[in-house]
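To keep things clear, I will list the structure first and then write my remarks on it.
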Amino acid sequence: PPNAYSAYLDLQWASDPSLQIGAEIGFRIGAYTDFKTLNEDSLRIQGLGLGVFRLTPALTAKVGVMYLDRNKIKILPAGGLLWTPTPQVRFDIFFPQPKLSAYLTTVGKFELWWYAAGEYGGGAWTIERADGTSDAVDINDIRVSGGFGWTGPRGLTGFVEGGFVFKRQVIYVVDPSDSFDPGDTFMVRAGISF
C-alpha cells in the first residue's frame, strides 16, 4: 500500500540503575493498519523484558527478549553491554539497537547529545491489496542513522535524525509469493516523548 499507519501507547519501566541486579520492562499496544483493512490483526501487542546486571560502576550487562508480534518474527533475543566511560559518553552495545552517544552542550535546561545508531527496523500492518482483498504485511530492514537528541525538565526528550535503510523485505501473509525486496533508501525522522 502507499500508506500504512501506526498509533500506539508505549509504557516503559526501569529499576534504579544504581542497583546491582535490576530489570527493564516495556509494553506497547497499538493499531497498525492502512485503515482500509481493520481487523483483530491490526491490534498488536509488543513487549520488552531485560535483566540488568551492573558489573562495574561504568559497565552494565543486559539480557532478555523483545516481543515484536510481527507476522514472521514474533520474538527476538536482546542483550548487550552499556559502557559509560564518562558521564558524557555512552556506548550502548545492544542487539538489536546499538547506539553510541556523546554530550555536546546545554541550552537552557536542555542537554544536547549527538549519536550514531543502528536497528532492526520495520513492522507489521494490515492492509488492503490493489485488488481489494485484505492482507497483512511485514516490512523488515536494517537501519543505520546519526542524529541529535535532547533531554529536558520533567522527562521531556526529543530527537531528529537521518539515516540509511538497507536489506529491506516486504513479506505478504496471504500470498507469500508476492513478497519482494525493495531497494535501499534514506530516512529522516524526528520525535518527542515525555
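The values are calculated or read from the model by the stated rules, or taken from the named source; none is laboratory data. Treat the numbers as computed from the prediction; the structure is a model and nothing was measured. Neighbour counts run over all protein chains shown; Cβ positions are idealised from the backbone, glycine included. What goes into the accessible areas is simple: the full protein's heavy atoms, side chains included, and nothing from ligands, DNA or RNA. Shrake-Rupley method; radii C 1.70, N 1.55, O 1.52, S 1.80 Å.
For region 128-143, enumerate the residues that are touching a residue at least 24 places away in the same chain (Cβ under 8 Å) and exposed (fewer than 14 other Cβ atoms within 10 Å of the Cβ).
Within region 128-143, just 133 meets the criteria.
Tally up the residues in region 161-194 that are of a type in the set (A, V, I, L, M) and open to solvent by 70 Å² or more (accessible area, probe 1.4 Å), please.
5
Can you confirm whether region 11-24 contains a residue that is among the hydroxyl-bearing types (Ser, Thr, Tyr) and in a loop (DSSP other than H, G, I, E, B)?
yes
Report the residue count in region 88-112 for those that are under 18 Å from residue 190 (Cβ atoms) and either open to solvent by 40 Å² or more (accessible area, probe 1.4 Å) or in contact (Cβ under 8 Å) with a residue 60 or more places away in the chain (or both).
7
Of all residues in region 141-169, count the ones that are modelled with pLDDT under 95, touching an Asp or Glu at 6+ places or on another chain (Cβ under 9 Å) and not polar (S, T, N, Q).
1
So, of the residues in region 8-22 that are surrounded by fewer than 11 Cβ atoms within 10 Å (Cβ to Cβ) and of a type in the set (A, V, I, L, M), which turns out to be nearest to residue 49 (Cα to Cα)?
Here the residue is 11.
Among all residue pairs at least 6 apart or on different chains, which show Cβ distances below 7 Å where the first residue, located in region 32-47, is outside any loop (DSSP other than H, G, I, E, B) and the second is open to solvent by 100 Å² or more (accessible area, probe 1.4 Å) and not polar (S, T, N, Q)?
Here the result reads 33/5, each pair linking region 32-47 to a residue that is open to solvent by 100 Å² or more (accessible area, probe 1.4 Å) and not polar (S, T, N, Q).
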